[in-house]
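Structure record follows, encoded as structure tokens.
The values are calculated or read from the model by the stated rules, or taken from the named source; none is laboratory data. Computed from a prediction, not measured in an experiment: that's the story for all the values here. Here Cβ is always computed from backbone atoms with ideal geometry, including for glycine, and neighbour counts include all displayed protein chains.
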Amino acid sequence: MSVEKMYMVNLLGARSDFDRLTKELALKGCMQPVNALQEIDSSDFVLKTSEDNIEALMDVSYIRPYSYDRDFNLSLKRIEKLKKEQDYFKINTEEVKDVTYDFDSMEQEFGSIYKEYKSLEKEYEVLKEKSQYLKNTYEAFEFLKDISFSLEEVLSMKNFKVGLYKVNEGNMNKIKANYENIPAVLQTVYKERDFVIFIAFTPILLFPEAQRIFKSANCEEIHLSDDYKGTPKAVVEELKMERDAVEKELEKLNEKIKDFFNSNNNKIKVLENSYELEKKSSEIKKTAACTNEFFYLSGWIPETSTEELQYILDSFDDRIIMIKKSPKEINNKSIIPPTKLKNDKLVRPFESMVGMYGVPSYNEIDPTRFLAITYTIMFGAMFGDVGQGAVLFLAGLFLKYKKKRTNLGGILSRLGISSTIFGFLYGSVFGFENVINALLIRPMEDINDILVWAIAFGCVFLVIGFILGITNNLRKKDIEHGVFGKEGLAGFLLYIGVLVLVLTKLKHIDLLPAGVWALYIVFFLILILLKQPLANLVKGRRPLFEDGAKDYFIEASFEVIETLLSMFSNTVSFIRVGAFALNHVGLFVAFSAMAQMAKNGVESAIILILGNIIIIGLEGLIVFIQGLRLQYYELFSKYYEGGGTPFEPVKVSFN
């Protein structure tokens, strides 16, 4: 249960090295940069005077924010376009990690490649446009192929306008019904089930009126090209030959474009990596400060990355100066280090569940391991079944390795193991309790015991939660909540005393007189009531009451009452662990009864299978949520705030 140690690193060097340094840092992904000017203003960016850094110290009076002026957004868009084209042509791309550091040469090389691609694309678009034109023209003349007259004779008439129109059959019937009102001669030339093609001969003077009528009937005009001469049938044949020739040209050009991508595949991938690296490098640069000669860079690095950083700096032959500080050495206490969790593979998937509540602050105990252990135990106790647990385990492996859902799959597989173990303890296999013997207890046969054990486990978890809470508060030197608070030492001793009192009464043991128990409870309640003035008294602070004694006692009195109620409710809440264990068995009993009422064995089997599916899906989800509720409301409230910020280094990732 640890949060990795962080260091504030300040780097200073010549601007000529800055570009390569930021790219090396982005490749390693070991630093979360912070605003260097704020570091300098807070006096945490301090250099000791020496012969090596005297120039940088003299130059510091001219310091300013680093200005990043490279604009490569257009190049990024063009790279995305090339990637989509590669996907379209199904180009096999191999994993490439190479990059180009020099921005100008990168832009020049990409400009050359993209220019070649644009030339091919333009040629393709011209052919595609020609193909579409031929297709539309072909379809138009196809409707007229049974007409024997010459096209140029018709289209060249001086006093008449000739048009070809497409309309649905219903509107065509309306046109026919009002034929006497249309100033044109209409002739149907093609007809299908739901539409009609007709040709219209309209006097030029009356064309606007005819056009208005055709538009009102939703007639779609089909363009007739005057580039072709002869009968429609001859034109159709000519168009068909032209279309075939253009399609062959398109096929050849497609192969040419595919060859272009195959031959430039690695170059494009390297350029894609290089632009991605440039983008991440710019994120680091924008946090830096500079003068005309030097740069100043600040950021957080985890302890495990210090060797990587030193390796990067060594490659610059001592031209870059580094100042490394732990959080305790930073003067500005308002600067809070980010949090990087350090957990082993067994509990790492549960970090996502902790993250849903909040990231632990840097000085706070990481609750991941405690949550992983307690949540896994609670889930297994509520959902104990060998067969159903095995299904959850296999589902978790499927999500983890096939669907790449590492966290969800990892959690589900571990919960499946816990469910299987408790299944052996309960003697349950896919709901059947007559297949194997119970190694510990059968919930339905020992209802009182299962509920008592659930509360007992809850008490143990709450005690550990109290200890973690006290530790967290003492780490923060918060005496008020760590010693005198309801989740502090006073609340812990009060809770232990109440547990001992209840246990001795249940066992009929007179450990202490009733008066002593009353004094014990009242004493710790008074400590909780007076937590703020007592803490201020210990620290030597004045005044003892920060917001006035009257307001404080009103609020603190309600807190004392809430302390007693929450201790009772937090403890009793864990009875749901036993209740869901009973519910799990009871739900299958209901499906089993339905199966016995079925008419034949097939129906019974179907009911039992559906019952198990519903139990695994629906009840599994409910138990999952209830387990989270117990963690968040009953346990986290004792020891965990989750007010930290995650460590988010600038890191380049190559697709």
Is it the case that some residue within region 540-557 is closer than 30 Å to G458 by Cα and out of contact with any Lys or Arg (no Cβ under 9 Å at 6 or more places or on another chain)? yes
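D385: closer than 23 Å to N583 by Cβ and in contact (Cβ under 8 Å) with a residue 12 or more places away in the chain, yes or no? Working first, answer last.
Working: closer than 23 Å to N583 by Cβ: yes; in contact (Cβ under 8 Å) with a residue 12 or more places away in the chain: yes.
When the stated conditions are applied, D385 passes them.
Kindly indicate whether any position in region 436-444 is surrounded by fewer than 18 Cβ atoms within 10 Å (Cβ to Cβ) and under 16 Å from I377 (Cα atoms). Reasoning before the result, please.
Restricting attention to region 436-444, the residues satisfying the condition of being surrounded by fewer than 18 Cβ atoms within 10 Å (Cβ to Cβ) are 436-442, 444.
Next, only the ones that are under 16 Å from I377 (Cα atoms) stay: 440-441.
The answer is yes, given that some residue of region 436-444 is surrounded by fewer than 18 Cβ atoms within 10 Å (Cβ to Cβ) and under 16 Å from I377 (Cα atoms).
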Taking T287 and the conditions (1) under 27 Å from the mean Cα position of the chain (by Cα); (2) part of a helix (DSSP H, G or I); (3) of a type in the set (S, T, N, Q), which numbered condition does it fall short on, given that it satisfies the others? (2)
Taking region 297-317, which residues are at negative phi and at pLDDT below 90? none
Conditions (1) in the same structural domain as S419 (by TED's automatic domain parsing); (2) surrounded by 22 or more Cβ atoms within 10 Å (Cβ to Cβ); (3) closer than 30 Å to S298 by Cβ: number failed by G380: (3)
Which numbered condition I301 misses (of (1) part of a helix (DSSP H, G or I); (2) farther than 28 Å from P183 by Cβ; (3) β-branched (V, I, T)): (1)
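Anything in region 94-120 that is farther than 21 Å from E278 by Cβ, of a type outside the set (A, V, I, L, M, F, W, C) and touching a residue at least 40 places away in the same chain (Cβ under 8 Å)? List them, or say none.
Keep residues of region 94-120 that are farther than 21 Å from E278 by Cβ, which gives 94, 116, 118-120.
Retained after the next criterion (residues that are of a type outside the set (A, V, I, L, M, F, W, C)): 94, 116, 118-119.
Within region 94-120, E94, E116 qualify.
Just give me the residues in region 642-651 being surrounded by fewer than 19 Cβ atoms within 10 Å (Cβ to Cβ) and either in contact with a helix residue (DSSP H, G or I) (Cβ under 8 Å, 6 or more places away or on another chain) or of a type in the set (S, T, Y) (or both), in sequence order.
Filtering region 642-651 down to residues surrounded by fewer than 19 Cβ atoms within 10 Å (Cβ to Cβ) leaves 642-643, 645-646, 648, 651.
Selection gives G642, T645, P646, K651.
If you check E255, E272, which single one turns out to be of a type outside the set (S, T, Y), more than 30 Å from D71 (Cβ to Cβ) and within 59 Å of the chain's Cα centre (by Cα)? Before you say what the answer is, go through the steps one by one.
Working: E272 fails: more than 30 Å from D71 (Cβ to Cβ).
After applying the criteria, what remains is E255.
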Given the residues G620, G611, which is the only one that is more than 20 Å from R442 (Cβ to Cβ), assigned to a helix (DSSP H, G or I) and not hydrophobic (A, V, I, L, M, F, W, C)? G620
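Every residue, every condition in (1) under 19 Å from F588 (Cβ atoms); (2) among the β-branched types (V, I, T); (3) assigned to a helix (DSSP H, G or I), yes or no:
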position: I377; (1), (2), (3): no, yes, yes
position: A381; (1), (2), (3): yes, no, yes
position: G389; (1), (2), (3): yes, no, yes
position: L392; (1), (2), (3): yes, no, yes
position: G396; (1), (2), (3): no, no, yes
position: L399; (1), (2), (3): no, no, yes
position: G410; (1), (2), (3): no, no, yes
position: R414; (1), (2), (3): no, no, yes
Filter region 398-426 for residues that are without any contact (Cβ under 8 Å) to a residue 24 or more places away in the chain and within 30 Å of R442 (Cβ to Cβ) and give the result. L412, S413
For region 624-641, state whether one or more residues are in contact with a Pro (Cβ under 6 Å, 6 or more places away or on another chain), surrounded by 13 or more Cβ atoms within 10 Å (Cβ to Cβ) and either assigned by TED's automatic domain parsing to the domain that holds K476 or not aliphatic (A, V, I, L, M) (or both). yes
Being charged (D, E, K, R) and under 30 Å from E125 (Cα atoms): is that true of E220 here? yes
In region 184-208, residues that are touching a residue at least 12 places away in the same chain (Cβ under 8 Å), outside any strand (DSSP E or B), more than 60 Å from the chain's Cα centre (by Cα) and surrounded by fewer than 15 Cβ atoms within 10 Å (Cβ to Cβ) total 2
Counting just the residues of region 93-131 that are surrounded by fewer than 12 Cβ atoms within 10 Å (Cβ to Cβ) and modelled with pLDDT under 85, which one comes out farthest from E24 (Cα to Cα)? E94
